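The values are calculated or read from the model by the stated rules, or taken from the named source; none is laboratory data. Worth saying up front: this structure is predicted, and the values here are computed from it rather than measured. In this analysis, Cβ positions are derived from the backbone assuming ideal geometry, glycine residues included, and neighbour counts consider all displayed protein chains. For the accessible areas, the whole protein counts, side chains as well, though only heavy atoms, and no ligand, DNA or RNA atoms are used. Shrake-Rupley method; radii C 1.70, N 1.55, O 1.52, S 1.80 Å.
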Amino acid sequence: MIEVKNLHSGYGRIPILHGINFTMKPGEVVGILGHNGMGKTTLLRTLVGQIKTTQGRIEFDGRDVTFASPSERARAGIGYVPQGRDIFPLLSVMENLKMGEIMRGGESAIPEMLGHFPVLKDLLERPGRGLSGGQQQILALARCLAGRPKLILLDEPTEGIQPSIVDLIAEKLGELKASLGLGIILVEQDIRFIRQLADRVLIIQKGAFVAEISPDQLYDREVVDAHLGI
Amino acid sequence: QEDTIKIASLLDLSGGLDAAGKPMQDAITFAVEEINQAGGLLGKQISLITYDTQTDMRLYPQYSQQAALKDKVSAVFGGITSASREVMRPVLRRLNTLYFYNTQYEGGVCDRNIFCTGITPAQKQSKHVPYAMNKWGKKIYTLAADYNYGQITAAWTRKYCTENGGQIVGEDFFPLDVTNFGSTIQKIQEAKPDFLYLVLVGGAHQSFYRQWAAAGMNKQIPMASTTMTIGGEQMVLSPEETNGILLCFNYFEALETPANKAFLERFHKRFGADYPYVTELAMATYQSVYLWAEGVKRAGTAERMPVIEALESGISLDLPSGKFSIDPQTHHCVMDINIGQIQDRKINILESFSQQQPLDTSGVCDLKKNPDDNSMYVIKV
Amino acid sequence: MTANWQGNGGLVAATVLGLVLLLALPQIVDPVMMIELTSYVIMAILALSLGLIWGYGGILCFGQSAFFGIGAYAYAIAVINFGDSTIPLLLSIIVPGLFAALLGYFLFYARITDVYFGVITLTVTLILYKVMGATSGSQYVIGAAPLGGYNGIPAVPPLNFPGRPELALSFDGLFYLSGVTLLAVYVGLRLMLKSRFGQVVVAIRENERRAELLGYDARFYKLATFAIGGAIAGLAGCLFANWGMFISPDVFGLAQSAQVIIWVIVGGTGTLLGPIVGCFAIQWIATKLGAQQLLNANLVLGTILIGFVLLVPKGVVPTIGDALRRLKFCPYVAPLVEQRRVP
Amino acid sequence: MDLLVVLSFEALKAVASLALISVGLAIIFGMMRVINLAHGEFLMLGGYAAIVATKAGINIWIATLLVSPLVVGVIGVVIERTIIRFLYGRPRDTMLATWGLSLLLVGLATTIFGNTTEGISAPAGSLQIGDYRIAAYSLIIIVIAIAVFAAIWAVFRFTRYGLIARSTMQNADMAAALGVNPSRVYAVTFGVGAGLAGLAGGVMAPITGIVPTIGAAYVAKAFITVIGGGPAILAGTVSASVMFGAIDQIITYLSTPVIGEVALLAAAVVLLRFMPQGITGRFFRRAA
Amino acid sequence: MTSPDCILETRGLEKRFGGVVAIASVDFTLKQRELRCLIGPNGAGKSTFFKMLTAQLKPTTGRILFDGVDITRAQPHHVSRLGIGIKNQVPDVFNNLTVAENISVAARSRHGKARAGAKGKDVMERLGLTALTGRLVGELAHGQRQWVELAMVVALEPKLILLDEPAAGMTADETNKTAELILEVNKSAAIVVVEHDMQFIKQIAQTVTVFHQGRVLIEDTMEKVQGNELVREVYLGKSEDD
Ligand SMILES: Nc1ncnc2c1ncn2[C@@H]1O[C@H](COP(=O)(O)OP(=O)(O)OP(=O)(O)O)[C@@H](O)[C@H]1O
Ligand SMILES: Nc1ncnc2c1ncn2[C@@H]1O[C@H](COP(=O)(O)OP(=O)(O)OP(=O)(O)O)[C@@H](O)[C@H]1O
Ligand SMILES: [Mg+2]
Ligand SMILES: [Mg+2]
């Protein structure tokens, strides 16, 4: 579904990613683990096109999207839940959700989303900025899913979310993956969450993948220390 | 040693005042060309150095200094508003450069280094106001621009109005950028004057005439104006908006003198038959160049003091606007005054008064007695 | 590292360079150009004042010319009344400084920020413009000085040696005085910005709430910066009244306010050299354009400004600074050009 | 009594004019956060478009209501594509660029049209109310202002374009990540703002006359109105116009236009001092 | 009424945003040098509570006493000078200043030039920021910015530190490091920590307060809280059992 070859990118003249390579099948969930500042967010932003690729190639659904604009990629089916959520602060929750599916024809997915995340039901008329941190996080996820993407990129989706809802999100994402073949690239620090969802885990260090491990190895102190400890 | 005599013009060719400035620039260009074609002055050609002061206060002193110090001109012509004149005047006086100011203004400048060729209130309103009162009635509503010229002109209007047994039923002052006259028009209707006396200045104030007509008032209350046509406004506004306005100037294109007819013929040959209108200010500028040239001829030099003395010796020329002479006591001019009325963008002359003295200024200023005077008198009306 | 190259070496070098220019220019430049230069120098002081409060303080002031104008009027009115110029000179600093402090108190303590602050300062300036413009009637007189409305106050007496009104400042004298003032203001501000006060001011610009949570009263720091900026602008106004020998409400106009902002942006916000450079450059171009008849001056100046934003987005000084630093070819020149403190 | 009617009518007209000259800026600055110092020049261009079209024999209503907004809207899109689009998120640079643009447009207009005041006479004659006469055109201005605001409100509130535009202005990157093409949204919205400014310029032309420099008279007032209105831009612009326009007219009637204008400005200062986020800012709470 | 070993006390604290009641009457007391964990569902009012304590928001009703001083209507800088430091939920730093400058501004609020310099160095070393000193904070990754903010708060040496989700976005061992840091700083200051990471809470918890719908639901030891049915239902969820 997505194939990334020798990807380089960075901010201005500062290079951050140095040759990222990976491929993903539909319905696969890939976890990405790494220390602060190792380039996880940068990788996701490069994949959605917010940061320009300086070298390498990104193929999505058999199509070269290396130089496609963010909106083209979104319409091709890449969804993104950024770190920091990026809720539209002055739009109501309802309007935020509508924005999620604005570029997609067909039937609205909002009722379904409200079914998945009932907390949002009471907040529909509230402006985005009147939500608490965790509420915003849920909204960001629901908004992304409303667009029915084929692949979603999640940047620390559980940050600031209460434990019971973390479980809920894991459960919902698991269902969607199974039923729709949704692909997920999951940047996450919560190891339990990754383990619940990911099929495999890539470790990133200084802008490149250094290892691939299976989710079960995550509780193996030795493996984790070998790749993540400093 | 120089082979030309230099003069400078400092006029607003851009910015808010350029409607007034551009015709003046054409006039000075034309005057210089004419003199040069006729063989120049003292055997030399005149070269005209033009500065566009851009309606920017800061540029007047700067360009004055430049003209005096760098170009070393023998005379500077220009300045449109009183404000700009008062900025240029001390600079040019200090730098010993002769200055001609060619705009109608409120009177009172008293300085041997400057000659004012514009018409002043005592020359103009003393005739204009009573004429209008005779024609229309005794109740006047004055609308004036809110600066020295407007304020003082309004004061003179008040004087001549009361002297002739009239009554000022309203008086409003407008900054030069006011364009909305809605409330004022209601106020005027409430005051029910016999006519309006307008001292409105600049492009923004033109909208008064439009709004006045749009409210249908142009058919109800007549108007007299001291400033209309100064920037060729009658060519821009529609005839319905300007018909019937009563004017009073030294110069109108309609003057029947031979000198004027010949002038207009030459002028239109140079600037095209469709040149909109030779304005009062343009004519004053044109004539001031001839006065200066006459001074230079008589002095036999273009140096400042000899030229001033020559001009003070009582120069009088027959120019397009009629006989035009310098009053040595005030450095202002004695000239004919004409009353005119706009009809379909043309101005018909209704009455003429010959050789009016600048009585306002001569009441406060005597440069013969006090040659070192250097003041701008605010004349008590 | 930022702290280092703002070090004293650069400052001393800049001072020396400034003094050399000040002494050398009158020798090589013709008198008309000197007069023009003097006006640039005076306006540069005004530009510096906005460079401080906007570039460093982050206070969006659309009405810097208000303080400039108040300074000029204060001087003109006082000197016409007093004859001797010493007290008027002081008044031209104190009155606008106080006015800025009052306005600042009125606004900062109500936590007005951003465009709201900008538009209020602009409005206050326009009020001054309207009010001063409406004083042409003969009843508007302060002591011996008529306010003159739209025409303003002509024939403003020049500065004189304290206590000796007959020893008036010449054109050359005004150039030296303005030059020294500019240099002193520049050096003074650089020193101030290096101090704790300066650091806090910049920190508040970056994140006011965080600065407050660290224990700094942002309102006070902004007020102080604003008042200092106002006083400096007032001083420039006094010099300007001396230069043109007149003062009119135009100093409060929209065009004047906008110009100051343009100078600062062109030179580079977040530097002190920038406003000076921007002011000189734009004024020089405007004067040159006014002296030619070929093309409309506005048209050309507008095109230049637009081209400039698109090509030199950081402003002149930071761009040159970056280039020098990148080339690394003259380590002694680079520190002269301040680094911009805003990305 | 008649006088009162006539005066309230004048006040309404003042409110409507203020709202009209501000509405384009409400979109370009209020929504897009582009500090457009050339707003006044957009109005000026609208005025010239109407005048040129009328003088070319086009019906005056078509000229002011159709030609002006279209011409200026297209110019707006061109300007956005060539200049403004490089400057989003850089308010200082936008200020510089639009100031340059303002000078450029003034220069251009001066070169083309000269500096004399041009005008067209107000259509629609006059109305008699008791002893007083007023221009019927005033009534038309009021109607146009109401129609314009209602239309804009409906578009931004209820249409798909409205939602997309609002979200893009708040966070363009995120909107792009949801599939919106921000650069097209920006261009269209800027064009709409410019077009509305053009419309206002066209509608005001018969009243004020047009000179290349007329923009300066508008721009400060428009900014004061839009900012005084606060974050809910349409409601804000309307309420600020009502407040400022009414104060200006009433005080002008009681004293002079200068004092009226000073009262308007003073009201703006006082308003912003006590409602630091503008009139509608009261109803929004700062973000958590 | 306030006992001398009580550093913070709120009485009947309430905050409404228009119709939304974010905090509905909270009575909260904290002892000198206590370490308190504050948990609760999303939207329970934790951040709002912190913001009122630091004067970023004005309470609708109620009172806040800090160290015996009523700070209900105080200004933020005043509260800070009295000795409360906060790390907000969203990184709240000086983006266009370098890391060193950020910390220096914090340190100099309390100390003279020399001491502030030393203190700043010390804090940066302790928090492992030395490698980043010259970088602009705006260009750092999310987690790095969290550390900078933490460093600023520590450099301020407050008597009470409020940490709103300090471990958000940090890796497991960085979370450990944060926990250690908290325990160390706790030797000289009282601390309130808001977190959703139960692993982390367990590591440091002494007393835990649970907020729910703007009220204190329960205040007890970690075990008791975890065992509480209501807490499990509204907050922890079923799977919280490892
Ligand atoms: N705007 C920027 N300009 C320059 N450098 C940046 C910018 N944003 C991030 N960086 C740098 O890029 C590197 C990678 O950052 P990134 O945000 O991708 O890290 P991350 O792995 O997502 O970290 P975290 O877990 O903290 O979110 C960091 O060293 C950071 O300092
Ligand atoms: N500015 C605001 N306007 C309106 N409602 C607000 C505002 N800020 C917060 N709220 C509401 O107040 C409640 C408490 O919010 P708060 O941010 O304090 O929650 P929290 O406990 O910190 O949640 P989280 O764990 O998700 O960060 C929420 O329901 C939120 O929607
Ligand atoms: Mg990240
Ligand atoms: Mg929170």
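Here's the yes/no breakdown for (1) over 18 Å from D:Gly198 (Cα atoms); (2) within 10 Å of chain C (Cβ to nearest Cβ); (3) at pLDDT 90 or above:
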| residue | (1), (2), (3) |
| --- | --- |
| D:Glu10 | yes, no, no |
| D:Ile21 | no, no, yes |
| D:Leu25 | no, no, yes |
| D:Asn36 | no, no, yes |
| D:Leu43 | no, no, yes |
| D:Ala49 | no, no, yes |
| D:Leu108 | no, yes, yes |
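Within the range D:147-180, being over 21 Å from A:Ala146 (Cβ atoms), exposed (fewer than 13 other Cβ atoms within 10 Å of the Cβ) and not aliphatic (A, V, I, L, M) holds for no residue.
Within the set of pairs 6 or more residues apart or between chains, which connect a residue that is away from every other protein chain (no Cβ under 13 Å) inside the range B:87-103 to a residue that is crowded, with 24+ Cβ neighbours inside 10 Å and aromatic (Phe, Trp, Tyr) with Cβ atoms less than 7 Å apart? The qualifying pairs are B:Phe100/B:Phe77; B:Phe100/B:Phe115; B:Phe100/B:Trp292; B:Asn102/B:Phe77. Counting only helices (runs of 4 or more DSSP H) that sit completely within the range B:176-252, those holding 3 or more residues that are hydrophobic (A, V, I, L, M, F, W, C) correspond to B:182-191, B:202-214.
When residues in the range B:140-171 are screened for being among the charged types (D, E, K, R) and either open to solvent by less than 10 Å² (accessible area, probe 1.4 Å) or not in a helix (DSSP H, G or I) (or both), 2 of them pass.
Out of the helices (runs of 4 or more DSSP H) lying entirely within the range D:154-251, which hold 2 or more residues that are of a type in the set (Phe, Trp, Tyr)?
Details: elements: D:160-170, D:172-177, D:182-208, D:215-229.
Those helices (runs of 4 or more DSSP H) span D:182-208, D:215-229.
For the range A:54-84, name all the residues that are open to solvent by 20 Å² or more (accessible area, probe 1.4 Å), of a type outside the set (A, V, I, L, M, F, W, C) and more than 9 Å from chain D (Cβ to nearest Cβ). Passing the criteria: A:Thr54, A:Gln55, A:Gly56, A:Arg57, A:Glu59, A:Asp61, A:Gly62, A:Arg63, A:Asp64, A:Gln83, A:Gly84. Checked against the criterion of being assigned to a helix (DSSP H, G or I) and either more than 24 Å from A:Ile204 (Cα to Cα) or within 13 Å of chain E (Cβ to nearest Cβ) (or both), the range A:182-191 contains one or more residues that satisfy it.
Applying the set (1) aromatic (Phe, Trp, Tyr); (2) surrounded by 20 or more Cβ atoms within 10 Å (Cβ to Cβ); (3) away from chain D (no Cβ under 12 Å) to C:Phe220 leaves exactly one unmet item: (2). Filtering the range E:154-169 to residues that are crowded, with 24+ Cβ neighbours inside 10 Å and either polar (S, T, N, Q) or away from ligand 2 (no atom under 16 Å from the Cβ) (or both) leaves E:Val154, E:Ala155, E:Leu156, E:Pro158, E:Leu160, E:Ile161. Output the residues belonging to the range E:170-197 that are more than 16 Å from ligand 3 (Cβ to nearest atom), open to solvent by 10 Å² or more (accessible area, probe 1.4 Å) and assigned to a helix (DSSP H, G or I). Selection gives E:Asp173, E:Asn176, E:Lys177, E:Glu180, E:Leu181, E:Leu183, E:Glu184, E:Val185. If the condition is being hydroxyl-bearing (Ser, Thr, Tyr) and assigned to a loop (DSSP other than H, G, I, E, B), then the range B:29-84 contributes B:Thr53, B:Thr55, B:Ser74, B:Thr81.
Which of the residues that make up the range D:85-98 are in contact (Cβ under 8 Å) with a residue 40 or more places away in the chain and buried (at least 24 other Cβ atoms within 10 Å of the Cβ)? Across the range D:85-98, the qualifying residues are D:Thr94, D:Thr98. Close Cβ contacts (under 7 Å, 6 or more residues apart or on different chains) running from residues in the range E:22-34 that are farther than 14 Å from E:Phe49 by Cα and more than 14 Å from ligand 2 (Cβ to nearest atom) to residues that are open to solvent by 50 Å² or more (accessible area, probe 1.4 Å) and not basic (Lys, Arg) comprise E:Lys31/E:Asp5; E:Gln32/E:Asp5.
Against the list (1) out of contact with any Asp or Glu (no Cβ under 7 Å at 6 or more places or on another chain); (2) within 16 Å of ligand 3 (Cβ to nearest atom); (3) away from chain E (no Cβ under 13 Å), the condition A:Val210 fails is (2).
Taken over the range A:182-197, residues that are out of contact with any Lys or Arg (no Cβ under 8 Å at 6 or more places or on another chain) and over 26 Å from A:His35 (Cα atoms) amount to 0.
This table checks each residue for (1) away from ligand 3 (no atom under 16 Å from the Cβ); (2) touching a residue at least 40 places away in the same chain (Cβ under 8 Å).
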{"site": "A:Leu151", "(1), (2)": "yes, yes"}
{"site": "A:Pro157", "(1), (2)": "no, yes"}
{"site": "A:Ser164", "(1), (2)": "yes, no"}
{"site": "A:Lys177", "(1), (2)": "yes, yes"}
{"site": "A:Ile184", "(1), (2)": "yes, yes"}
{"site": "A:Gln196", "(1), (2)": "yes, no"}
{"site": "A:Arg200", "(1), (2)": "yes, yes"}
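Could you tell me whether D:Ile141 is modelled with pLDDT of 90 or more, under 22 Å from the mean Cα position of the chain (by Cα), more than 7 Å from every other protein chain (Cβ to nearest Cβ) and surrounded by fewer than 20 Cβ atoms within 10 Å (Cβ to Cβ)?
Numbers: modelled with pLDDT of 90 or more: yes; under 22 Å from the mean Cα position of the chain (by Cα): yes; more than 7 Å from every other protein chain (Cβ to nearest Cβ): yes; surrounded by fewer than 20 Cβ atoms within 10 Å (Cβ to Cβ): no.
Judged against the criteria, D:Ile141 is not a match.
Flag not set for C:Gly198, criterion: in a helix (DSSP H, G or I), on the phi < 0 side of the Ramachandran plot and buried (at least 22 other Cβ atoms within 10 Å of the Cβ). Taking the conditions (1) away from every other protein chain (no Cβ under 11 Å); (2) surrounded by fewer than 22 Cβ atoms within 10 Å (Cβ to Cβ) in turn, E:Gly120 satisfies each one other than (2). Only one of the listed residues (B:Gly244, B:Gly202, B:Gly216) is buried (at least 20 other Cβ atoms within 10 Å of the Cβ) and either free of Cβ contacts under 8 Å to residues at least 12 places away in the same chain or small (Gly, Ala, Ser) (or both). That residue is B:Gly202.
Of all positions in the range C:238-254, none carries a residue that is touching a helix residue (DSSP H, G or I) at 6+ places or on another chain (Cβ under 7 Å), more than 9 Å from every other protein chain (Cβ to nearest Cβ) and open to solvent by 20 Å² or more (accessible area, probe 1.4 Å). Condition test on E:Gln89, is it in contact with a helix residue (DSSP H, G or I) (Cβ under 7 Å, 6 or more places away or on another chain), farther than 29 Å from E:Thr171 by Cα and within 16 Å of ligand 2 (Cβ to nearest atom)? Considered against the rule, which asks whether it is in contact with a helix residue (DSSP H, G or I) (Cβ under 7 Å, 6 or more places away or on another chain), farther than 29 Å from E:Thr171 by Cα and within 16 Å of ligand 2 (Cβ to nearest atom), E:Gln89 comes out as no.
Taking B:Leu42, is it open to solvent by 40 Å² or more (accessible area, probe 1.4 Å) and farther than 23 Å from B:Pro90 by Cβ? Answer is yes for this residue. For the range B:173-188, the candidate set comprises residues that are within 12 Å of D:Val258 (Cβ to Cβ) and open to solvent by 10 Å² or more (accessible area, probe 1.4 Å); within that set, the residue that is modelled with the lowest pLDDT is B:Asp177.
Considering the range A:1-53, and only residues there that are near ligand 1 (Cβ under 10 Å from one of its atoms) and open to solvent by 50 Å² or more (accessible area, probe 1.4 Å), the residue that is farthest from the other protein chains (Cβ to nearest Cβ) turns out to be A:Pro15.
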